[in-house]
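The values are calculated or read from the model by the stated rules, or taken from the named source; none is laboratory data. All values derive from a computational prediction rather than experimental measurement. Here Cβ is always computed from backbone atoms with ideal geometry, including for glycine, and neighbour counts include all displayed protein chains.
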Amino acid sequence: MITFKRILLGLLLVIPLSGCVKGLVGADAGDNQSVSQGDQVSLVGEGKFKNARLSRVASLSYHWTQIAGTTVVLEGADSDSASFTAPAVASTEEILTFELTVSTQVGRCNNAGSYTHSGIYGRCLVAIAKDTVDVTVAGGEPEPLTSTVQGRITDVAGNVVSAAIEVLQNGTSVLTSNSDAQGRFDLTLEEDKQYVLKLSAQGFAAQSVPIQSPGAAGKVFFDITMIAAGAPQSFQSAESALMVGSDGAQVNVQPNSFVNAAGNLVNGDIQVTITPVDVSRAASLAAFPGDFVGIQESDGTETPIISLGTVEYEFTQNGQPLQLAPGVTANIEIPIYIDTYQDGSSIQLGDQIPLWSLNEDTGIWLQEGYGTVVESSASPTGMAMAAEVSHFTWWNCDVVMNRSQAIITVLGNEPGTVRIKATTTANLGWSPTTAETIADIGEPTGNLYIPSEVEVCFSAEIMYANGLIGTTSDVCINAAPNALVNVELEDVLPLGPVSIVTEPATLGDEVNLVGYINFPVDPLYIRSGTRELFVDFTLKSGQLPEGISILNQANDVSASLMGIPTQAGMFSADITARDTDGNEDTITVNYEIYDSNIIRPPSLNPYAFVQYVVSEPLSIDLLSKLRNFGGSVSHWEVSTVNTSRPLPEGSYQLVGSILTLNIPIGAYSCRDPFTITVLGKNVSGESSVLLRLYDEYCELN
């Protein structure tokens with residue numbers, strides 16, 4: 001009989017002692033694998049003796065060890081086959097590396113299992129082999145980068161609104177939220193995407209606001225306006241009904257016209273609210289639903305639009321929405337609030353104007369035929385658009401805009417997000433689309449539709465990466481039809497101390513405003529001309545008209561004076577801005593509030609724009625050119641006193657309401673336009689406007 005000792009001795013005699021024990025066994029950890037997170041993964045290894053003598057007297061041991069990647073729990077780690085569950089990975093893929101150790105021991109091995117290398121340890125022979133295998137785990141889609149959209153919701157009078165918010169992307173709901181008791185909301189959204197905020201609140205018309213989220217980690221603010229729904233009215237479903245709302249907005253329905261959400265004909269009482277929006281006033285225009293963009297019926301193309309008036313018609317029964325039954329129509333009238341087209345020509349009875357309905361999930365208007373201009377004694381202009389409709393939502397009397405396009409870039413050296421704002425002094429029911437006005441500092445916006453041949457002024461609210469906020473100065477342009485204009489705004493805002501700037505801009509530290517009882521006053525926006533983290537705006541002294549208040553904006557560094565005055569008289573108030581370092585600046589705001597039942601004084605938009613041809617006489621009819629929110633002007637005056645660049649002597653003449661200009665060659669400047677003050681008067685008061693005059697070739701960008 002051959003003893004074990006003799007076998008080991010024989011092995012030791014044939015194996016030199018200088019490390020030649022390597023190669024006695026082999027290890028194979030198997031092929032590399034690619035799996036998905038959550039998969040069950042098997043590691044199948046193999047070991048073998050490379051020395052025939054050794055294989056007759058020893059056996060193989062196996063051990064798996066993870067040496068790289070997200071740690072997993074190995075089942076069967078001490079066998080030739082192990083397994084684990086592929087972990088969730090943080091990136092698109094991750095490589096996990098495992099090592100297989102194959103070993104054998106022969107002889108008197110006192111430290112069995114503790115040897116890490118092949119070798120001869122006294123009377124103990126240890127043979128070890130190792131191999132590795134990689135397992136690539138594919139992750140899911142990477143976590144999307146996000147940004148922040150904050151805002152505040154108020155009504156036309158500046159009162160905060162607690163509203164339910166549904167966030168939609170491509171017509172699909174992705175998030176729901178609410179504004180708090182201060183009307184504020186805070187949304188975390190995927191970066192650089194377009195969304196629609198659908199707002200609903202008890203007693204208010206529905207609102208849809210298309211927005212653009214900023215880039216990764218950016219933040220923007222939106223101040224959103226909702227309008228109170230018209231007074232509820234009721235009628236019997238089995239009877240025809242003519243329901244009339246404010247400013248002559250009306251709807252005429254036939255018996256048995258309505259179905260519920262299930263498509264069943266309804267019986268009994270039906271409630272309706274009729275909510276018009278006066279697009280001629282800045283305060284109520286802010287409540288315009290959706291974007292000023294529509295899909296034309298003729299060819300399905302998207303086009304910018306200008307509103308002459310819009311109305312929401314909402315029908316319910318016991319709080320549940322109703323619609324017209326299939327094949328049933330109703331007749332509506334939409335008050336016309338602006339009595340001229342974009343080119344200044346008058347709207348006439350019998351004119352055909354495009355009719356549009358709002359897709360509340362996209363904020364885009366869809367043309368559905370035409371309406372006809374009819375007489376309406378209750379409308380502010382004496383006109384309304386009559387049309388036939390087959391469903392109820394927001395309906396809009398809009399014309400296609402004579403447009404240009406602008407690309408806006410804010411130049412600066414610091415990182416930050418910008419939101420472009422645009423205004424026009426022209427008498428147009430328009431404001432820029434909110435979905436095209438978000439960019440980073442130094443990054444151009446997309447092409448922004450703007451009305452052509454009128455003055456449009458741009459500014460940018462900047463949210464710096466360090467948390468400070470500021471607003472650039474205005475840059476105004478007058479773009480030719482179908483032109484593409486590049487506009488550059490400069491980020492040259494200094495750090496404090498706080499310094500008040502108003503919108504509309506004013507000369508000096510005093511602002512004069514005119515309003516009327518029970519009518520929204522156009523907001524006066526107050527902000528700092530410096531970078532600030534927070535600014536507190538307070539009434540330092542004096543008195544604001546009852547119904548007018550100071551409302552801090554969503555960004556906490558600007559405010560607005562807005563509301564609906566309820567008392568007539570002369571009022572003066574000192575408004576103070578205070579920054580976080582205790583610095584203060586003060587502005588005086590004077591209000592003239594008139595009883596709306598008497599002859600009102602004129603209320604001219606404080607700024608207007610005219611384009612002229614050098615050395616060619618230009619006649620301007622001030623009655624049609626200037627936007628007047630008040631009573632009719634009976635007497636006009638002009639003056640060049642206290643204007644920034646007065647017209648040359650002999651270059652202008654005023655006869656009645658006709659202002660004639662004849663400006664000589666070489667006298668103009670595109671960057672520094674001529675200005676002239678126009679004063680309109682009647683028996684109740686007066687109002688002035690600063691008229692800016694540009695040569696026709698000025699690009700003004």
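What tally of residues in the stretch 572-583 results from selecting those that are at pLDDT below 95 and within 21 Å of G685 (Cα to Cα)?
Looking only at that region, the number is 0.
For residues that are outside any loop (DSSP other than H, G, I, E, B) and either among the hydrophobic types (A, V, I, L, M, F, W, C) or touching a helix residue (DSSP H, G or I) at 6+ places or on another chain (Cβ under 9 Å) (or both), tally how many sit in the stretch 455-495. Show your work before the answer.
Taking the stretch 455-495 and keeping what is outside any loop (DSSP other than H, G, I, E, B), we get 455-464, 469-471, 475-478, 484-490, 495.
Those still in the list that are either among the hydrophobic types (A, V, I, L, M, F, W, C) or touching a helix residue (DSSP H, G or I) at 6+ places or on another chain (Cβ under 9 Å) (or both) too: 456-458, 460, 462-463, 469, 475-477, 484-485, 487, 489, 495.
Residues in the stretch 455-495 being outside any loop (DSSP other than H, G, I, E, B) and either among the hydrophobic types (A, V, I, L, M, F, W, C) or touching a helix residue (DSSP H, G or I) at 6+ places or on another chain (Cβ under 9 Å) (or both): 15 in total.
Which residue pairs have Cβ atoms closer than 9 Å, lie 6 or more positions apart in sequence or on different chains, and pair a first residue in the stretch 337-351 that is on the phi < 0 side of the Ramachandran plot with a second residue that is surrounded by 13 or more Cβ atoms within 10 Å (Cβ to Cβ) and basic (K, R)?
Qualifying pairs under 9 Å: Y337/R281.
Which one of these does T176 not meet: (1) in contact (Cβ under 8 Å) with a residue 60 or more places away in the chain; (2) of a type in the set (S, T, N, Q); (3) surrounded by fewer than 21 Cβ atoms within 10 Å (Cβ to Cβ)?
(1)
Rundown of residues vs (1) under 30 Å from N518 (Cβ atoms); (2) at pLDDT below 95, yes/no style:
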{"position": "V196", "(1), (2)": "no, no"}
{"position": "F204", "(1), (2)": "yes, no"}
{"position": "Q212", "(1), (2)": "no, yes"}
{"position": "F258", "(1), (2)": "no, no"}
{"position": "V266", "(1), (2)": "no, no"}
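Check whether at least one residue in the stretch 584-594 is part of a loop (DSSP other than H, G, I, E, B) and either at pLDDT 80 or above or more than 30 Å from R531 (Cα to Cα) (or both), and report yes or no. It would help to see each step written out before you state the result.
The first filter runs over the stretch 584-594 and keeps only residues part of a loop (DSSP other than H, G, I, E, B), leaving none.
Checked the stretch 584-594: no residue is part of a loop (DSSP other than H, G, I, E, B) and either at pLDDT 80 or above or more than 30 Å from R531 (Cα to Cα) (or both).
Exactly one condition in (1) crowded, with 19+ Cβ neighbours inside 10 Å; (2) in the same structural domain as N486 (by TED's automatic domain parsing) is not met by F392; state its number.
(2)
Working only within the stretch 313-369, note down all residues that are assigned to a strand (DSSP E or B) and more than 27 Å from G171 (Cβ to Cβ). Show your work before the answer.
Restricting attention to the stretch 313-369, the residues satisfying the condition of being assigned to a strand (DSSP E or B) are 313-317, 320-321, 323-324, 330-335, 340, 346, 352-359, 364-369.
Within the stretch 313-369, N331, E333, P335, T340, S346, Q352, I353 qualify.
Output the residues belonging to the stretch 526-573 that are touching a Gly at 6+ places or on another chain (Cβ under 7 Å) and among the β-branched types (V, I, T).
Scanning the stretch 526-573 gives T530, I548, I564, T566.
Against the conditions (1) surrounded by 23 or more Cβ atoms within 10 Å (Cβ to Cβ); (2) without any contact (Cβ under 8 Å) to a residue 40 or more places away in the chain, where does L187 fall short? Just the number, please.
Evaluating L187 over (1) surrounded by 23 or more Cβ atoms within 10 Å (Cβ to Cβ); (2) without any contact (Cβ under 8 Å) to a residue 40 or more places away in the chain leaves (1) as the failure.
Please work out which residue is surrounded by the fewest Cβ atoms within 10 Å (Cβ to Cβ), limiting yourself to the stretch 528-538 and to residues that are assigned to a strand (DSSP E or B) and without any contact (Cβ under 8 Å) to a residue 60 or more places away in the chain.
As a first pass, look at the stretch 528-538 and keep what is assigned to a strand (DSSP E or B): 528, 531-532, 535-538.
Within this subset, residues satisfying the condition of being without any contact (Cβ under 8 Å) to a residue 60 or more places away in the chain are 528, 535-538.
Details: S528: 24, V535: 26, D536: 15, F537: 24, T538: 13.
Here the answer is T538.
List every residue pair whose Cβ atoms sit under 7 Å apart, with the two residues 6 or more apart in sequence or on different chains, where the first one lies in the stretch 208-222 and is assigned by TED's automatic domain parsing to the domain that holds A460 and the second, anywhere, is surrounded by 19 or more Cβ atoms within 10 Å (Cβ to Cβ) and polar (S, T, N, Q).
none
Look at the stretch 550-573 and say how many of its residues are surrounded by fewer than 16 Cβ atoms within 10 Å (Cβ to Cβ) and part of a strand (DSSP E or B).
3
Being modelled with pLDDT under 90 and either of a type outside the set (S, T, N, Q) or over 25 Å from G371 (Cα atoms) (or both) is the filter here; which residues of the stretch 415-432 pass it?
Initially, the stretch 415-432 is screened for residues modelled with pLDDT under 90, giving 421-432.
Those that are modelled with pLDDT under 90 and either of a type outside the set (S, T, N, Q) or over 25 Å from G371 (Cα atoms) (or both): K421, A422, T423, T424, T425, A426, L428, G429, W430, P432.
One line per residue, one yes/no per condition, for (1) assigned to a strand (DSSP E or B); (2) more than 23 Å from P601 (Cα to Cα); (3) modelled with pLDDT under 85:
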position	(1), (2), (3)
V498	no, yes, no
A505	no, no, yes
N518	no, no, no
I526	yes, yes, no
K540	yes, yes, no
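Take the conditions outside the structural domain of Q182 (by TED's automatic domain parsing), among the small types (G, A, S) and surrounded by fewer than 21 Cβ atoms within 10 Å (Cβ to Cβ) and apply them to G542. Does it pass? Step through it out loud before you land on a result.
On the way: outside the structural domain of Q182 (by TED's automatic domain parsing): yes; among the small types (G, A, S): yes; surrounded by fewer than 21 Cβ atoms within 10 Å (Cβ to Cβ): yes.
Judged against the criteria, G542 is a match.
Look through the stretch 208-235, keep the residues that are polar (S, T, N, Q) and over 26 Å from F534 (Cα atoms), and return whichever of them is farthest from the chain's Cα centre (by Cα). Lay out the reasoning, then the answer.
In the first step, residues of the stretch 208-235 are kept if they are polar (S, T, N, Q); the result is 208, 212-213, 225, 233-234.
Next cut, over 26 Å from F534 (Cα atoms) only: 208, 233-234.
Values: S208: 11, Q233: 35, S234: 37 Å.
Restricting to residues being polar (S, T, N, Q) and over 26 Å from F534 (Cα atoms), the top hit is S234.
Of the residues N482, N512, N486, which is surrounded by fewer than 19 Cβ atoms within 10 Å (Cβ to Cβ) and assigned by TED's automatic domain parsing to the domain that holds E584?
Sole residue among the options that is surrounded by fewer than 19 Cβ atoms within 10 Å (Cβ to Cβ) and assigned by TED's automatic domain parsing to the domain that holds E584: N512.
Tally time: how many residues in the stretch 619-638 are hydrophobic (A, V, I, L, M, F, W, C) and assigned to a helix (DSSP H, G or I)?
Here is the first cut: in the stretch 619-638, the residues hydrophobic (A, V, I, L, M, F, W, C) are 620, 622-623, 626, 629, 633, 636, 638.
If we keep only those that are assigned to a helix (DSSP H, G or I) too, we end up with 622-623.
Of the residues in that region, 2 qualify.
Taking the stretch 231-267 only, how many residues are in contact with an Asp or Glu (Cβ under 8 Å, 6 or more places away or on another chain) and small (G, A, S)?
Matching residues across the stretch 231-267 total 4.
So D192 fits all but one of (1) touching a residue at least 40 places away in the same chain (Cβ under 8 Å); (2) under 13 Å from the mean Cα position of the chain (by Cα); (3) part of a strand (DSSP E or B); what number is the exception?
Against the list (1) touching a residue at least 40 places away in the same chain (Cβ under 8 Å); (2) under 13 Å from the mean Cα position of the chain (by Cα); (3) part of a strand (DSSP E or B), D192 comes up short only on (3).
Just one of A262, A205 is on the phi < 0 side of the Ramachandran plot and within 32 Å of the chain's Cα centre (by Cα); which is it? Break it down into steps so the answer makes sense when it comes.
On the way: A262 fails: within 32 Å of the chain's Cα centre (by Cα).
Among A262, A205, only A205 is on the phi < 0 side of the Ramachandran plot and within 32 Å of the chain's Cα centre (by Cα).
Can you find a residue in the stretch 130-139 that is within 30 Å of V72 (Cα to Cα) and not in a strand (DSSP E or B)? Lay out the reasoning, then the answer.
If we filter the stretch 130-139 for residues that are within 30 Å of V72 (Cα to Cα), which is where we start, we get 130-139.
Cutting the leftovers down to not in a strand (DSSP E or B) gives us 139.
Yes - at least one qualifying residue is present in the stretch 130-139.
Of the conditions (1) part of a strand (DSSP E or B); (2) among the basic types (K, R); (3) at pLDDT below 75, R671 fails just one. Which one is it?
Checking R671 against (1) part of a strand (DSSP E or B); (2) among the basic types (K, R); (3) at pLDDT below 75, the one that fails is (1).
Mind checking which residues of the stretch 115-129 are in contact (Cβ under 8 Å) with a residue 12 or more places away in the chain, assigned to a loop (DSSP other than H, G, I, E, B) and on the phi < 0 side of the Ramachandran plot?
So in the stretch 115-129, the residues in contact (Cβ under 8 Å) with a residue 12 or more places away in the chain come out as 115-116, 118-129.
Next, from what is left, pick out any that are assigned to a loop (DSSP other than H, G, I, E, B): 115-116, 118, 122-123.
Those that are in contact (Cβ under 8 Å) with a residue 12 or more places away in the chain, assigned to a loop (DSSP other than H, G, I, E, B) and on the phi < 0 side of the Ramachandran plot: Y115, T116, S118, R123.
Would it be correct to say that G69 is surrounded by 15 or more Cβ atoms within 10 Å (Cβ to Cβ) and within 13 Å of F98 (Cβ to Cβ)? Outline the logic, then answer.
On the way: surrounded by 15 or more Cβ atoms within 10 Å (Cβ to Cβ): yes; within 13 Å of F98 (Cβ to Cβ): yes.
For G69, the condition - surrounded by 15 or more Cβ atoms within 10 Å (Cβ to Cβ) and within 13 Å of F98 (Cβ to Cβ) - is met.
Hey, can you tell me all the residues within the stretch 319-371 that are of a type in the set (V, I, T) and either over 19 Å from V279 (Cβ atoms) or not assigned by TED's automatic domain parsing to the domain that holds S240 (or both)?
V328, T329, T362, listed by residue number.
Among the residues that make up the stretch 282-305, is at least one of them in a strand (DSSP E or B), touching a Cys at 6+ places or on another chain (Cβ under 9 Å) and under 17 Å from I450 (Cα atoms)?
Looking only at the stretch 282-305, we keep the residues that are in a strand (DSSP E or B), and these are 293-295, 302-305.
Filter again for touching a Cys at 6+ places or on another chain (Cβ under 9 Å), leaving none.
There is no residue in the stretch 282-305 that is in a strand (DSSP E or B), touching a Cys at 6+ places or on another chain (Cβ under 9 Å) and under 17 Å from I450 (Cα atoms).
Kindly evaluate T409 against the criterion of being among the polar types (S, T, N, Q), under 15 Å from E490 (Cβ atoms) and in contact (Cβ under 8 Å) with a residue 40 or more places away in the chain. Walk me through it before giving the result.
Values: among the polar types (S, T, N, Q): yes; under 15 Å from E490 (Cβ atoms): yes; in contact (Cβ under 8 Å) with a residue 40 or more places away in the chain: yes.
When the stated conditions are applied, T409 passes them.
Have a look at D269, D339, D299, D351 and point out the one that is under 27 Å from A157 (Cα atoms) and out of contact with any Gly (no Cβ under 6 Å at 6 or more places or on another chain).
D339
Name the residues in the stretch 634-668 that are modelled with pLDDT under 80 and charged (D, E, K, R), would you?
Within the stretch 634-668, R645, E649 meet the criteria.
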